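This report concerns only the one structure given below.
The values are calculated or read from the model by the stated rules, or taken from the named source; none is laboratory data. Treat the numbers as computed from the prediction; the structure is a model and nothing was measured. Every residue, glycine as well, gets a Cβ built from its backbone with ideal geometry; the counts of neighbours run over all protein chains shown. Surface accessibility is based on the protein's heavy atoms, side chains included, excluding ligands, DNA and RNA. Shrake-Rupley method; radii C 1.70, N 1.55, O 1.52, S 1.80 Å.
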Amino acid sequence: MLAYTLKRLIAGVITVWFIATATFIAMHQVPGDPLMNDKAVSAEIRANLEAKYGLDKPVTEQYFIFLGNMLTGDFGISFTQQNRKVNDIIRDHFPVSATLGLLAIFFAATGGVLWGALTAVYRNRLPDIIIMFLVILGISVPSFVFAALGQLFLVNLNSLAGQSIIPVAGWGTFSHMLMPSMVLGLGTMALLTRLMRSSMLEIVNEDYIKTARAKGLSPTRIFFRHQLRNAILPVITVLGPQIAAITTGGFVVELVFAIPGLGRYFVQAVQQLDYTVIMGTTVFYGAFLVLMVIIVDILYGFIDPRVRLS
Amino acid sequence: MRHITVFLTCLLCQFAHAEVEATSVDFHSQTLTIALTQEPPQLNSAKATDQVSGLVLGHLMQGLVRYDRRGNVIPGVAERWEMTETTATFWLRKDAKWSDGKPVTAHDFVFAWQRVADPKTASQYAFILSPIKNAAEINEGKLPVTELGVLALDDRTLQVTLARPTAYFVKLTVFNTFYPIRQDFFESRGDQYAADAKDLLYNGPFKMTEWTHSASLKMIKNEHYWDRENISLNAINVDYITADTRARLNLYTDGKIAFTRLDGETYKDALSQRFRIRRFTTGSTFYLEYNHRPGKPTANLNLRKAIQYIFDPDEMVNRVLATPGNLRGESLFPVWLNGVNDKFRREYPAPQAGYNVKEAKRYLELAVNEIGPIPPLVLLVSDSPTATKQGEYMQGVLLNKLGIELKIDVQTFKQRLAKMTSGEFDIVGAGWGPDFDDILTFGDLLASWNMNNRGRYNNPEYDRLVRLTMNSTDPKTRMDAMGKAQQILFDDAVVLPQYEQGVIYLLHPKIKGVARRVIGPDPDFTYAKIVP
Amino acid sequence: MSLFEPTSADFEPLPRQEKTEQITRPSLSYWQDAWVRLKKNTRAIISLGIIILLALFTLIGPLLWSVNPALQNLNQVSQAPSWAKSAVIIAPYQDWDGIRLEGYTSPNQIASAVPAPTGFAMADTPTTQRVRLIWDQTPGADGYNVYRNNRAPRDFNDLGLPLGSTYGNELSYEDRLSLEPRAYYYSLVPTDGYDEYEVYSQLILTPVLAITPDEAVERGLVTDPSEVNIGDDITIEFHPFGTDYLGRDMLARLMEGARVSLFIGIVAPFLFVLVGIIYGGFAGYFGGQLDGLLMRFAEFVVALPFLLFMILFKIAFGIGPGESGIMPMLLALILLSWPSTARLVRGQVLQIREEGYIEAARLLGAKDHYLILRHIIPNTMGVILVTLTFAVPSAIFTEAFLSFIGMGVAPPTPSWGSMCNEGVKTMLSHPHELIFPAVFISITVLAFNLLGDGLTEALDSKMRSRD
């Protein structure tokens, strides 16, 4: 167990190094000059700026300096917000993205399991048809359309109620998080519902269910103890990659709902060619995702005794 | 199932308990809530360049002089001033204080201005100091900062030695680059200066008490501000930071913010909700800049003339931009610039080509005779939706009416700048906003020495007129020169003015006394008050 | 106990029997069988039909609906779907000087109140080309603001769009701001040159839809300006799906956008699956250290945060002037997506390699390439086909997402994603600009998803045994 975890962690560190290198190479391929701005500046000022960010050194040297700093966990100063450290930016804004992402995953997972189980129970009857129709909608409509519609819904809801029941944008309280996380989790929820449904239907035909039924267990007990518990397993496997997709895919929701998350920073940084912020966020996200996948894999070993970690 | 029920109940509780937050304007506490389009990138006044930082700083800091609502210069930290050909002297008011209660002195200005000129600060706006003696040399690293022509004669007298006679010097000091910075505080913060609410010292009508990056900030009335009796607002809350106009309109509709700008996509929704819509001309000119470097097809005058005659600014403003407030692009010099006694554009009307297909085709024929068939031209634009839309429009116009193919080159901010500087374009969509209240802020843009002249237009006669305007203090001489410059811009079709930017916005009807201005913080809530 | 003594009779052939073994059903290959089962799945067949229709829409559509998708008509911006309209021919636009007072001087003092302006009227027949307004001088005022609303104003705060201001000496205003043939409520408010007085006069008018002879020629309605006379009625072109923000025909743009979206949606998965097959097949078949090395590299690429790198790669490859940006996007998609297929194929190959029939074929002397082409690849095809079908929707979504954050294809090239992005902004005032592209994306994604489901069921051997 310990050896397995250790092995995975070492592989993870190498993966993070790979991500960092790939980012560094890709970023230096981007045409354009990060130090250039609206107003042209004197050569003296430019030289000072280059020295400040170490851009006066050869690229290979910059790469090794960057790797060295990365080891000490220092990503430098932002190019666009010159008095903020990239570490501060990540520390301030990642928790927001993470909260949003986790809440979205929570909605997606509970919703997916619940709806999936329901559709399986009511197979080919009205609830199944309605839910599957909604699922199909959830899978086939782009998230930005949902985000815009969701916000519009809140505006109308509030104006109907005559007061602000749920804030239409912003961040802070739980009610702020409600709509954005639901919008963000919708696609995943639809995916999980489908998965849950087919996994439930497959299990119905398994021998142990037949045995349980033959033993005369109550349908409710069979449903909860045997069917549901076993059907959830495949759902958990896809959760790892889905966490990844959700936490990095929050740009649109963050933009529409005015949420101070890290995703928005990344898009801005790419547009502004803010080298240090691009490097910092990508490496940080990469490391986070690698860690998430490892954790999910290890957890899976605990949940499903059939999987032996080796 | 029980667990699920419990969870659902919890959710419902959350709905029910969602606190009803304060509305965007509150009469009793005189509090105002707004949204910003982005996080202020730089609140160090010596380095700030953008509008959002300018807006925030404008409420937190005060320079020597400022503008009133109608654009007249009125005393700020300085209570009076005196100008000669070679010097400007400012006498500071006794009661001007920092937010820690210490007085604002002339030394704070000297220190701040030296920081700006210092090449180590790498301020983009260092050039704005150029009327001050030695400023340019210091910025190029040729002289130490102590040589800057600015001197604190005593705590309350500031004397500036000018490099050349500068008619507009007093107006220049409105700009945030000229705000004071106190040395001891600045040095105590080091690299962290202006990084957070506690890392700034304020001498303006408000002070910042909270700053959650990218989320919110709070400005409250500064109890040490000299004119505090006339400030009605107790607090300005910035509760939201979002660039999405629709999100901001939704927040306005929801009563969460008291001010938002509209755009072509959102104004119809605001209209159908019966909001009071207001209009404001920002004072910026948008134009197409040609590449004048030798060898480029756009270096040919007749080709530029052909485009000048085929472009219909009316259609641009009314059908493409299609929001009220924009003015037809008739000149590089916007309408608000002052001339001798009246507005410059009323004294020196800009010559107009007018939409004329025949004339355009005649010029095109001349151009083809000179440089052969016109190759596809590259139009460099930024990646903003408005810019690309305008690019698509120009593409349609040139192709359908003149048969000239236009290739649109959409680039992000830095890439576009890099291409503009290296000259990898034929035409580039550009805009220019004023830095100070004088015609020169537009006039010297196309001078051959100006680094921002990205098309590298070079005309000795134009340069001569700009120099004349720079070195003279006589309004008539200066405006005559600029009137001639405007004629050259037209005759040479140096740039193609497209429109003068106007914006429409929503402002809560209970707020009175908000100033919108071309120069300085905009919008300015300093003297705003909330009526019942 | 007697030993069996064979006689010559034992070596006589047996008489031929009538029936030995009867094949009751026709013999079906794997693929024929799959097709039979797919045909039973109504949803999958409908989806297949939709996909074929989409292909026809993209390829044949432009031949039937030959409107130029790039042709702008600034007089017909953001029109909702409608039948052909009729317009009246008017003279080309002429500048209008309006009414200016000679020898006007601003009031010495700002008046505290002024009366509502009088004589607010139209100067001539209003058309969608221009509306000309005139009024009488208001004593005490030093300027006027003109407003326009689509509905009757309720009060002073509901006057609508602030069109413009005039100085005190100008007693006229010309409105040309995106005029439509509908009723407008104009209001005139006097000012002191800066602030407004809270009084206003009102005027209701409806401009007529108008077009100049030159514009009629440009739009291809007539071939020569002399064919029409001022005052004639003319039928202007018809847009079944409405027009976009530059007056371009939505149907034609949807067809062109389909080419981009479906190209990325289908070609990208096809290519990265191909790369995946080669890479994964190679690794899986040869195994050993090479396999370990190749798979380790694939794992690295899988670990890259997809959207972040999509944006980064997209921008690193850059878009040159006049390019659509489809190729950089395709390249980025392939670079980031191949490893999942590679892993899948490798797993399959590892499994199949150990199967008995491979061993048998090898014993019979089959060469590597024969094994790969004849046995291994055909047996992985089912899984690959399913992967491919599910990869299409995600590629289409990726394109739409990138377009939404402004990093998609470069204008003027349309794609469904970028059209959605434009449409979302005006979804309340012009819903058709969002609904049509969004519906196309949804239908495509849905069709491929359902087809994928159907294929999975049809190709799955487990399901087969259940019938």
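Taking the range B:258-270 as the region of interest, how many residues are within 26 Å of B:PHE27 (Cα to Cα), open to solvent by less than 30 Å² (accessible area, probe 1.4 Å) and not hydroxyl-bearing (Ser, Thr, Tyr)? Quick ask: steps written out before the conclusion?
At the first step, the residues of the range B:258-270 found to be within 26 Å of B:PHE27 (Cα to Cα) are B:258-262, B:270.
Right, trim to open to solvent by less than 30 Å² (accessible area, probe 1.4 Å) and you get B:258-260, B:262, B:270.
Adding the requirement that they be not hydroxyl-bearing (Ser, Thr, Tyr) leaves B:258-259, B:262, B:270.
Summing the residues that are within 26 Å of B:PHE27 (Cα to Cα), open to solvent by less than 30 Å² (accessible area, probe 1.4 Å) and not hydroxyl-bearing (Ser, Thr, Tyr) in the range B:258-270 gives 4.
For the subset of the range B:400-431 comprising residues that are assigned to a helix (DSSP H, G or I) and within 8 Å of chain C (Cβ to nearest Cβ), which member is nearest to the chain's Cα centre (by Cα)? Spell out the reasoning first.
Looking only at the range B:400-431, we keep the residues that are assigned to a helix (DSSP H, G or I), and these are B:400-402, B:413-422.
Now restrict to residues that are within 8 Å of chain C (Cβ to nearest Cβ): B:400, B:415.
Numbers: B:ASN400: 35, B:GLN415: 21 Å.
Within the range B:400-431, the match that is nearest to the chain's Cα centre (by Cα) is B:GLN415.
Just the residues that are in a loop (DSSP other than H, G, I, E, B) and buried (at least 17 other Cβ atoms within 10 Å of the Cβ), please, taken from the range A:34-57.
A:PRO34, A:LEU35, A:MET36, A:ASN37, A:ALA40, A:VAL41, A:SER42
Taking helices (runs of 4 or more DSSP H) that fall entirely within the range C:358-467, which contain at least 3 residues that are under 16 Å from the mean Cα position of the chain (by Cα) and within 13 Å of another protein chain (Cβ to nearest Cβ)?
Result: C:377-404, C:416-425, C:432-459.
Test B:LEU249 against the criterion of being out of contact with any helix residue (DSSP H, G or I) (no Cβ under 7 Å at 6 or more places or on another chain), open to solvent by less than 10 Å² (accessible area, probe 1.4 Å) and at pLDDT below 95, and give yes or no.
The answer is no for B:LEU249.
Pull out all pairs, ordered by first then second residue, where Cβ-Cβ is under 7 Å, the residues are six or more apart or on different chains, the first lies in the range B:483-498 and is crowded, with 22+ Cβ neighbours inside 10 Å, and the second is part of a loop (DSSP other than H, G, I, E, B) and hydroxyl-bearing (Ser, Thr, Tyr).
Once the first residue is crowded, with 22+ Cβ neighbours inside 10 Å and sits in the range B:483-498, its partners that are part of a loop (DSSP other than H, G, I, E, B) and hydroxyl-bearing (Ser, Thr, Tyr) give B:GLN486/B:SER331; B:GLN486/B:TYR348; B:VAL494/B:TYR457; B:PRO497/B:SER331.
Given the residues C:PHE297, C:PHE272, which is the only one that is closer than 30 Å to A:GLY280 by Cα, open to solvent by 20 Å² or more (accessible area, probe 1.4 Å) and either without any contact (Cβ under 8 Å) to a residue 24 or more places away in the chain or assigned to a helix (DSSP H, G or I) (or both)?
Numbers: C:PHE272 fails: open to solvent by 20 Å² or more (accessible area, probe 1.4 Å).
One residue alone meets the criteria, C:PHE297.
Just one of (1) within 21 Å of the chain's Cα centre (by Cα); (2) more than 30 Å from B:ALA387 (Cβ to Cβ); (3) among the polar types (S, T, N, Q) trips up B:ASN203, so point out which.
Among (1) within 21 Å of the chain's Cα centre (by Cα); (2) more than 30 Å from B:ALA387 (Cβ to Cβ); (3) among the polar types (S, T, N, Q), the lone unmet condition for B:ASN203 is (1).
Of all residues in the range B:441-468 being touching a residue at least 40 places away in the same chain (Cβ under 8 Å), over 11 Å from B:GLU289 (Cα atoms) and not small (Gly, Ala, Ser), which is surrounded by the fewest Cβ atoms within 10 Å (Cβ to Cβ)? Let's see the steps before the verdict.
Here is the first cut: in the range B:441-468, the residues touching a residue at least 40 places away in the same chain (Cβ under 8 Å) are B:442-443, B:445-446, B:454-458.
Subset that is over 11 Å from B:GLU289 (Cα atoms): B:442-443, B:445, B:458.
Restricting the remaining residues to those that are not small (Gly, Ala, Ser) gives B:442, B:445, B:458.
Details: B:PHE442: 24, B:LEU445: 20, B:ASN458: 15.
Here the residue is B:ASN458.
Identify the residue in the range A:146-188 that is open to solvent by 40 Å² or more (accessible area, probe 1.4 Å) and under 16 Å from the mean Cα position of the chain (by Cα) and, among all such residues, is nearest to the other protein chains (Cβ to nearest Cβ).
A:MET182
Is it true that some residue in the range C:157-174 is charged (D, E, K, R), at pLDDT 90 or above, in contact with a Lys or Arg (Cβ under 8 Å, 6 or more places away or on another chain) and under 20 Å from C:GLN129 (Cα atoms)?
Yes, there is a match, as at least one residue in the range C:157-174 is charged (D, E, K, R), at pLDDT 90 or above, in contact with a Lys or Arg (Cβ under 8 Å, 6 or more places away or on another chain) and under 20 Å from C:GLN129 (Cα atoms).
Quick check on my filter: what residues within the range B:318-343 are farther than 20 Å from B:TYR363 by Cβ, within 14 Å of another protein chain (Cβ to nearest Cβ), open to solvent by 10 Å² or more (accessible area, probe 1.4 Å) and in contact (Cβ under 8 Å) with a residue 40 or more places away in the chain?
Result: B:LEU321, B:ALA322, B:THR323, B:ASN326, B:LEU327, B:ARG328, B:VAL335, B:TRP336.
What tally of residues in the range B:282-304 results from selecting those that are within 14 Å of chain C (Cβ to nearest Cβ) and either modelled with pLDDT under 90 or part of a helix (DSSP H, G or I) (or both)?
Summing the residues that are within 14 Å of chain C (Cβ to nearest Cβ) and either modelled with pLDDT under 90 or part of a helix (DSSP H, G or I) (or both) in the range B:282-304 gives 2.
For the range B:393-411, give me each residue that is farther than 13 Å from B:ILE310 by Cβ and surrounded by fewer than 21 Cβ atoms within 10 Å (Cβ to Cβ). If you could, list the steps in order and put the result at the bottom.
To start, the set of residues in the range B:393-411 that are farther than 13 Å from B:ILE310 by Cβ comprises B:405, B:407-411.
Once the filter is applied, which keeps residues that are farther than 13 Å from B:ILE310 by Cβ and surrounded by fewer than 21 Cβ atoms within 10 Å (Cβ to Cβ), the range B:393-411 yields B:GLU405, B:LYS407.
State all residues of the range C:177-224 that are in contact with a helix residue (DSSP H, G or I) (Cβ under 6 Å, 6 or more places away or on another chain) and away from chain B (no Cβ under 11 Å); if no residue qualifies, say none.
Of everything in the range C:177-224, those that are in contact with a helix residue (DSSP H, G or I) (Cβ under 6 Å, 6 or more places away or on another chain) and away from chain B (no Cβ under 11 Å) turn out to be C:GLU198, C:PRO213, C:VAL217, C:VAL222.
Would a scan of the range C:252-265 turn up a residue that is open to solvent by less than 10 Å² (accessible area, probe 1.4 Å) and closer than 14 Å to C:ALA332 by Cα?
Scanning the range C:252-265, I find at least one residue that is open to solvent by less than 10 Å² (accessible area, probe 1.4 Å) and closer than 14 Å to C:ALA332 by Cα, so the answer is yes.
Taking B:PRO119 as meeting all but one of (1) within 18 Å of A:ASN37 (Cα to Cα); (2) touching a residue at least 40 places away in the same chain (Cβ under 8 Å), write down the number of the exception.
With (1) within 18 Å of A:ASN37 (Cα to Cα); (2) touching a residue at least 40 places away in the same chain (Cβ under 8 Å) applied to B:PRO119, the lone miss is (2).
Under the condition of being more than 9 Å from chain B (Cβ to nearest Cβ), open to solvent by less than 20 Å² (accessible area, probe 1.4 Å) and small (Gly, Ala, Ser), which residue from the range C:137-176 is nearest to the chain's Cα centre (by Cα)?
Checked the range C:137-176; the qualifying residue nearest to the chain's Cα centre (by Cα) is C:SER172.
Out of (1) without any contact (Cβ under 8 Å) to a residue 40 or more places away in the chain; (2) part of a loop (DSSP other than H, G, I, E, B), what's the single condition that is false for B:ASP438?
Only one criterion in (1) without any contact (Cβ under 8 Å) to a residue 40 or more places away in the chain; (2) part of a loop (DSSP other than H, G, I, E, B) is unmet by B:ASP438, namely (1).
Being within 30 Å of C:MET427 (Cα to Cα) and either under 24 Å from the mean Cα position of the chain (by Cα) or charged (D, E, K, R) (or both), is that true of even one residue in the range C:86-97? Quick ask: steps written out before the conclusion?
Filtering the range C:86-97 down to residues within 30 Å of C:MET427 (Cα to Cα) leaves C:86-87.
Imposing the further condition that a residue be either under 24 Å from the mean Cα position of the chain (by Cα) or charged (D, E, K, R) (or both) reduces the set to none.
Looking through the range C:86-97, none of the residues is within 30 Å of C:MET427 (Cα to Cα) and either under 24 Å from the mean Cα position of the chain (by Cα) or charged (D, E, K, R) (or both).
Restricting the search to the range A:94-139, which residues are open to solvent by less than 60 Å² (accessible area, probe 1.4 Å) and of a type in the set (Phe, Trp, Tyr)?
Those that are open to solvent by less than 60 Å² (accessible area, probe 1.4 Å) and of a type in the set (Phe, Trp, Tyr): A:PHE94, A:PHE107.
Could you please find all residues in the range B:441-454 being outside any helix (DSSP H, G or I) and within 23 Å of B:THR282 (Cβ to Cβ)?
Filtering the range B:441-454 for residues outside any helix (DSSP H, G or I) gives B:447-454.
Answer for the range B:441-454, where residues must be outside any helix (DSSP H, G or I) and within 23 Å of B:THR282 (Cβ to Cβ): B:ASN450, B:ASN452, B:ASN453, B:ARG454.
Determine, yes or no, whether A:MET200 is within 14 Å of chain B (Cβ to nearest Cβ) and touching a residue at least 40 places away in the same chain (Cβ under 8 Å). Walk me through it before giving the result.
On the way: within 14 Å of chain B (Cβ to nearest Cβ): no; touching a residue at least 40 places away in the same chain (Cβ under 8 Å): yes.
So A:MET200 fails the test.
Taking C:LEU335 as the residue in question, decide whether it is more than 13 Å from every other protein chain (Cβ to nearest Cβ) and either closer than 30 Å to B:ARG416 by Cβ or not in a helix (DSSP H, G or I) (or both).
Spelling it out, it is not the case that C:LEU335 is more than 13 Å from every other protein chain (Cβ to nearest Cβ) and either closer than 30 Å to B:ARG416 by Cβ or not in a helix (DSSP H, G or I) (or both).
Test of understanding: among B:THR89, B:THR84, B:THR105, which residue is assigned by TED's automatic domain parsing to the domain that holds B:MET61, free of Cβ contacts under 8 Å to residues at least 12 places away in the same chain and over 16 Å from B:ALA46 (Cα atoms)?
Checking each option against the conditions leaves just B:THR84.
Considering the range B:174-209 alone, what residues qualify as being farther than 27 Å from B:THR157 by Cβ, at pLDDT 90 or above and of a type in the set (Asp, Glu)?
B:ASP199, the sole residue that qualifies.
Tell me the residue from A:ILE90, A:ILE10, A:ILE65, A:ILE14 that is out of contact with any Asp or Glu (no Cβ under 9 Å at 6 or more places or on another chain), within 14 Å of chain B (Cβ to nearest Cβ) and not polar (S, T, N, Q), please.
It is A:ILE90.
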